[in-house]
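Peer 1: Before anything else, here's the structure in question.
The values are calculated or read from the model by the stated rules, or taken from the named source; none is laboratory data. Note that this is a predicted model, so its numbers are computed, not measured. Here Cβ is always computed from backbone atoms with ideal geometry, including for glycine, and neighbour counts include all displayed protein chains. Protein only, heavy atoms only, side chains kept; ligands, DNA and RNA dropped before computing areas. Shrake-Rupley method; radii C 1.70, N 1.55, O 1.52, S 1.80 Å.
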Amino acid sequence: MAFNMVQHLSAPDRVRAALSVAGVAPRIREFGVSTRTAQEAADAIGTSVGQIVKSLVFMAGDAPVLALVSGANQLDLARLGASTGTSISRADANAVRQATGFAIGGVPPLGFAAPVPTYIDRDLLQYDLVWAAAGTPRHVFPITPTELQRVTGGTVVDLKETS
Ligand code: 5CA
């Protein structure tokens, strides 16, 4: 399904549709407090920050890429560049919205108008369940790392800064 066909849907509904199409029962939770940052999301949910999926957009040359990084880790730009084979720069807020259709703080790992090549922090695989943003800074959803990998088509790599 092309999610640019459903731009009239709210941001959480676009994520819900993408999960449903991918065969994952959507269990989107809305909070009355901010889940904008990984720590805020962890506190609201009552889980560890490591189990929060940060959905970070970068430019690999001229093309956007998505890095799904454990909330416990900082992304190592050189490692991401080694995976893409390009130079990497941060995407600004406009580029994030352009690439994903979502605003920073609510960027989900799927549900984009056009596919975005995706890289997954290997550290996320250690958990039974992880939580990702569902389109806004108040919506999140749980997913197993295996399903996250399947529904994003992401490549599992070592992404964390170690020094
Ligand atoms: N809802 C939470 C967790 S589910 C969330 O979206 N976290 S996040 O880490 O994926 O999104 C926040 C990230 O956006 C920050 O870690 C930071 O990397 C990035 N960010 C914040 N402000 C800017 C900005 N002005 N320009 C580019 N990136 C930014």
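Peer 1: Restricting the range 67-123 to residues that are among the hydroxyl-bearing types (Ser, Thr, Tyr) and in a strand (DSSP E or B), which is farthest from residue 143 (Cα to Cα)?
Peer 2: Only one residue fits best here, namely 89.
Peer 1: Name the pairs: first residue in the range 85-105 and without any contact (Cβ under 8 Å) to a residue 40 or more places away in the chain, second residue of a type outside the set (D, E, K, R) and in a helix (DSSP H, G or I), Cβ to Cβ under 6 Å, at least 6 apart or on different chains?
Peer 2: Sorted first by the residue in the range 85-105, then by its partner, the pairs are 88/77; 88/80; 88/81; 104/93; 104/96.
Peer 1: May I pose another question? Quick one: residue 12 ticks every box in (1) in a helix (DSSP H, G or I); (2) within 15 Å of the ligand (Cβ to nearest atom); (3) surrounded by fewer than 16 Cβ atoms within 10 Å (Cβ to Cβ) bar one, so which box is it?
Peer 2: Looking at each condition in turn, residue 12 falls short on (3).
Peer 1: Kindly establish whether residue 115 is free of Cβ contacts under 8 Å to residues at least 40 places away in the same chain and closer than 16 Å to residue 15 by Cα.
Peer 2: Taking the combined requirement at face value, the residue satisfies it.
Peer 1: Still on this structure, please answer the following. Go through the range 37-52 and give me each residue that's open to solvent by 30 Å² or more (accessible area, probe 1.4 Å), near the ligand (Cβ under 9 Å from one of its atoms) and not in a helix (DSSP H, G or I).
Peer 2: 37
Peer 1: I've got another one for you. Across the range 53-87, which residue is nearest to residue 124 (Cα to Cα) among those that are touching a helix residue (DSSP H, G or I) at 6+ places or on another chain (Cβ under 8 Å) and open to solvent by 60 Å² or more (accessible area, probe 1.4 Å)?
Peer 2: Once the filter is applied, the top-ranked residue is 72.
Peer 1: Listed residues 29, 90; which is open to solvent by 40 Å² or more (accessible area, probe 1.4 Å), farther than 22 Å from residue 153 by Cβ and within 10 Å of the ligand (Cβ to nearest atom)?
Peer 2: Within the list 29, 90, the selection yields 90.
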